[in-house]
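Enquirer: Right, I'll just put the structure down here and ask away after.
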Amino acid sequence: MKTRLRRALVTPLVDENPVTLHILGICSAVAITNSLYSALVMSAALTAVLCFSSVVISVIRRHLPHSVRIIVQVTVIASAVIVVDEMLQAFAPTTSQILSVFVGLIITNCIVLGRAEAFAAHNPPGVSLLDALGNGLGFSLILCTVATIRELFGSGGLLGREIFTSAAAGGWFEPVGLFLLPPSAFFIIGGIVWLIRSYKPQQREQAEFEIIATDSVRNR
Amino acid sequence: MDNESPAKAILVVTVTALLCSILVSSAAVFLQPLQKAYADIERIRYLVQLSGLVDSDADLSEFAIVSAYQDVTPRLIDLETGSFDQNLDPQSFEDPDTADELQQLVSIPAELDSARLELRPRWISVYQVETDSALPRLIFPIYGQGMWSTIYGYLALEGDLNTIADVVFYEHEETAGIGDQIQRPAWLVGWRGKKLYDEQGQLQFDIGSIDVDSPEYDYRVDGIAGATVTVDGVADLVRYWFGPHGYAPFISRFDAGQER
């Protein structure tokens, strides 16, 4: 039992990371990782929503009619997201403005509905909470890694503090503007996926189609 | 009860919806005072930034905002007479409860209603910046329909009541990433130094690209590609508020040399 709980919490960190293995939640990972601070807030918001919705859905799982389960799950998730959004607006209004629509878009983050449908709907609340927490932390891990790289090389600092003195201010560092643009997050996430899959080849997906060289090609 | 029966489905959905709506609405109700208090500070922050009393790009602490605001005085304009109203206390219009009792709403003639407001208040607070200058800046509230929402902002005029000193839009629900570029400092800087009225006192202000050599260049602010509907809304609301049904009668009195 204990190993099962541990497994639920730890495997989503690297072995079954929602971003790098399942390639979920890419939208927000690309959008808000240009500064570490917004990535941290986004991570906290998503983890909170994920934990809340997983526990609620797990509690009512035996009473969920199959035909309307997705509607009920999305209702629970959307309510949690709105509460988190309202709290950000009240307690961290400037952050809320920076994250703008992306807090609301947690509703459509596939990780949340994915864990609700794949795990919380079939497992008791305790282990569902750990699974949610694990997946939230796995998402946070990738988000913060990407944000650290992007902010450090894009603006030469972290959390708004200067680390590399920029050339404009008499130092040596030339900020790489590309890192502040959304495409750089794609490259970095792609790089992380590649690194993890080189280290853990069992994560590699089987090709859906095999490319076969036909005679006509061979004879050419 | 059978889990797959329609009755059970309706029951589960109804109960979930009810509980979730209670959760969401109580969060909204309990957190609203905090959000409102923050919105008030933000509004004052914008007024202080427009006042020219502080460096408008500086990141100000709440204390710095409130202390700079001491030099910004709300003054009430009676839009029906186009002059300052000396009898009513502007503070009573800052408080929503007393403002509701005192305020009169005036319907806007359809042909003048470019901001699509239908009604506007009779009295409105403008903000005078107290400096040594004989002709202080005045900050005018402006609002009107954008693409999705009502856009609220302030426009500061230099002492000549024609040159735009600065502008902000502090509340709107325009498309994130597109229409919300009306809040981008780089765009708002382009408003500074532009003029509203020509020599004859005709309102010439508009938004949209124009050749630098054109005589209308002094009255034109650049548009925002992709956000045409929002930006047109902004141009229309500025033209309404500084037109004949808005502040124009008030402004023309001072052009005629009347005392402030």
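Enquirer: Cβ contacts < 7 Å: first residue without any contact (Cβ under 8 Å) to a residue 24 or more places away in the chain and within 10 Å of chain B (Cβ to nearest Cβ), restricted to the range A:96-120; second residue of a type in the set (S, T, N, Q) and in a helix (DSSP H, G or I), any location; separation 6+ or different chain. Result?
Expert: Cβ pairs passing all conditions: A:96/A:89.
Enquirer: Here's another thing I want to ask about it. Read through the list (1) surrounded by fewer than 22 Cβ atoms within 10 Å (Cβ to Cβ); (2) out of contact with any helix residue (DSSP H, G or I) (no Cβ under 7 Å at 6 or more places or on another chain); (3) not basic (Lys, Arg), then give the number of the only condition that residue B:237 fails.
Expert: (1)
Enquirer: Sort out which residues of the range B:176-194 are crowded, with 18+ Cβ neighbours inside 10 Å and under 23 Å from residue B:252 (Cβ atoms), and write them in order of number.
Expert: The answer is B:191, B:194.
Enquirer: Considering each residue of the range B:150-161, count those that are surrounded by fewer than 19 Cβ atoms within 10 Å (Cβ to Cβ) and modelled with pLDDT of 90 or more, and give that number. Spell out how you get there, then give the answer.
Expert: Initially, the range B:150-161 is screened for residues surrounded by fewer than 19 Cβ atoms within 10 Å (Cβ to Cβ), giving B:150, B:152, B:159-160.
From what is left, the residues that are modelled with pLDDT of 90 or more are B:150, B:152.
Going through the range B:150-161 one residue at a time, the tally reaches 2.
Enquirer: Out of B:9, B:17, B:37, B:28, which single residue is among the hydrophobic types (A, V, I, L, M, F, W, C) and under 21 Å from the mean Cα position of the chain (by Cα)?
Expert: None of the other options fit; the residue is B:37.
Enquirer: Follow-up. When you scan the range A:118-220 for helices (runs of 4 or more DSSP H) that lie fully inside it, which ones turn up with 3 or more residues that are small (Gly, Ala, Ser)?
Expert: Working: elements: A:125-155, A:182-199, A:215-219.
So the answer is A:125-155, A:182-199.
Enquirer: Do you know which of the residues in the range B:215-230 that are surrounded by 14 or more Cβ atoms within 10 Å (Cβ to Cβ) and either part of a strand (DSSP E or B) or of a type in the set (Ser, Thr, Tyr) (or both) is nearest to the chain's Cα centre (by Cα)?
Expert: B:230
Enquirer: State whether the residues of the range B:202-211 include one that is assigned to a helix (DSSP H, G or I), in contact with a Gly (Cβ under 9 Å, 6 or more places away or on another chain) and under 20 Å from residue B:248 (Cβ atoms). Walk me through how you get there before you give the answer.
Expert: Residues of the range B:202-211 that are assigned to a helix (DSSP H, G or I), as a first pass: none.
Among the residues of the range B:202-211, not one is assigned to a helix (DSSP H, G or I), in contact with a Gly (Cβ under 9 Å, 6 or more places away or on another chain) and under 20 Å from residue B:248 (Cβ atoms), which makes the answer no.
Enquirer: Would it be correct to say that residue A:134 is away from chain B (no Cβ under 14 Å), under 18 Å from the mean Cα position of the chain (by Cα) and surrounded by fewer than 20 Cβ atoms within 10 Å (Cβ to Cβ)? Write out each step before concluding.
Expert: Values: away from chain B (no Cβ under 14 Å): yes; under 18 Å from the mean Cα position of the chain (by Cα): yes; surrounded by fewer than 20 Cβ atoms within 10 Å (Cβ to Cβ): no.
Spelling it out, it is not the case that residue A:134 is away from chain B (no Cβ under 14 Å), under 18 Å from the mean Cα position of the chain (by Cα) and surrounded by fewer than 20 Cβ atoms within 10 Å (Cβ to Cβ).
Enquirer: Looking at the range B:7-21, which of its residues are farther than 11 Å from residue A:76 by Cβ, of a type in the set (Gly, Ala, Ser) and within 7 Å of chain A (Cβ to nearest Cβ)?
Expert: B:9
Enquirer: Next up: Here are some conditions: (1) out of contact with any strand residue (DSSP E or B) (no Cβ under 7 Å at 6 or more places or on another chain); (2) in a loop (DSSP other than H, G, I, E, B); (3) of a type in the set (A, V, I, L, M, F, W, C). Residue B:13 meets all but one. Which one does it not meet?
Expert: Tallying (1) out of contact with any strand residue (DSSP E or B) (no Cβ under 7 Å at 6 or more places or on another chain); (2) in a loop (DSSP other than H, G, I, E, B); (3) of a type in the set (A, V, I, L, M, F, W, C), residue B:13 fails exactly one: (2).
Enquirer: Could you list, ordered by first residue, the pairs with Cβ atoms under 7 Å in which the first is in the range B:20-41 and assigned by TED's automatic domain parsing to the domain that holds residue B:61 and the second is exposed (fewer than 12 other Cβ atoms within 10 Å of the Cβ), at least 6 apart or interchain?
Expert: B:41/B:62
Enquirer: I need a count of the residues in the range B:40-55 that are more than 8 Å from chain A (Cβ to nearest Cβ) and assigned to a helix (DSSP H, G or I). Don't jump to the end; show me each part of the working.
Expert: Narrowing the range B:40-55 to residues more than 8 Å from chain A (Cβ to nearest Cβ): B:40-41, B:43-55.
Add one more test, that the residue is assigned to a helix (DSSP H, G or I), and what stays is B:40-41, B:43-51.
The number of residues fulfilling the criteria is 11.
Enquirer: Which of the residues that make up the range B:22-38 are at the interface with chain A (Cβ under 8 Å from one of its Cβ atoms) and among the small types (Gly, Ala, Ser)?
Expert: B:27, B:28
Enquirer: The conditions are (1) of a type outside the set (Asp, Glu); (2) surrounded by 23 or more Cβ atoms within 10 Å (Cβ to Cβ); (3) within 13 Å of chain B (Cβ to nearest Cβ); (4) under 23 Å from residue B:184 (Cα atoms), and residue A:77 fails exactly one of them. Which is it?
Expert: Status for residue A:77: all satisfied but (4).
Enquirer: Output the number of the condition that residue B:87 fails; it satisfies all remaining conditions of (1) under 30 Å from residue A:69 (Cβ atoms); (2) assigned to a loop (DSSP other than H, G, I, E, B); (3) among the polar types (S, T, N, Q).
Expert: For residue B:87, the failing item is (1).
Enquirer: Further question: Restricting to the range B:184-195, give me the number of residues that are of a type outside the set (Lys, Arg) and touching a helix residue (DSSP H, G or I) at 6+ places or on another chain (Cβ under 7 Å). Lay out the reasoning, then the answer.
Expert: We begin by selecting, within the range B:184-195, every residue of a type outside the set (Lys, Arg); these are B:185-191, B:193.
When the remaining residues are screened for being touching a helix residue (DSSP H, G or I) at 6+ places or on another chain (Cβ under 7 Å), the result is B:187.
Selection size over the range B:184-195: 1.
Enquirer: Sticking with this one: Can you name the condition, by its number, that residue B:60 falls short on among (1) within 14 Å of chain A (Cβ to nearest Cβ); (2) modelled with pLDDT under 90; (3) part of a helix (DSSP H, G or I)?
Expert: Evaluating residue B:60 over (1) within 14 Å of chain A (Cβ to nearest Cβ); (2) modelled with pLDDT under 90; (3) part of a helix (DSSP H, G or I) leaves (3) as the failure.
Enquirer: Could you please find all residues in the range A:56-69 being surrounded by fewer than 17 Cβ atoms within 10 Å (Cβ to Cβ) and more than 11 Å from chain B (Cβ to nearest Cβ)? Give the derivation first.
Expert: The first filter runs over the range A:56-69 and keeps only residues surrounded by fewer than 17 Cβ atoms within 10 Å (Cβ to Cβ), leaving A:59, A:62-63, A:66-67.
Matches in the range A:56-69: A:59 only.
Enquirer: Could you list, ordered by first residue, the pairs with Cβ atoms under 9 Å in which the first is in the range A:137-157 and free of Cβ contacts under 8 Å to residues at least 12 places away in the same chain and the second is part of a helix (DSSP H, G or I) and surrounded by fewer than 19 Cβ atoms within 10 Å (Cβ to Cβ), at least 6 apart or interchain?
Expert: The qualifying pairs do not exist here.
The values are calculated or read from the model by the stated rules, or taken from the named source; none is laboratory data. What you see is a predicted model, and the numbers here were worked out from it, not measured in a lab. Cβ coordinates were reconstructed from backbone atoms using ideal geometry, including for glycine residues, and neighbour counts include every protein chain displayed.
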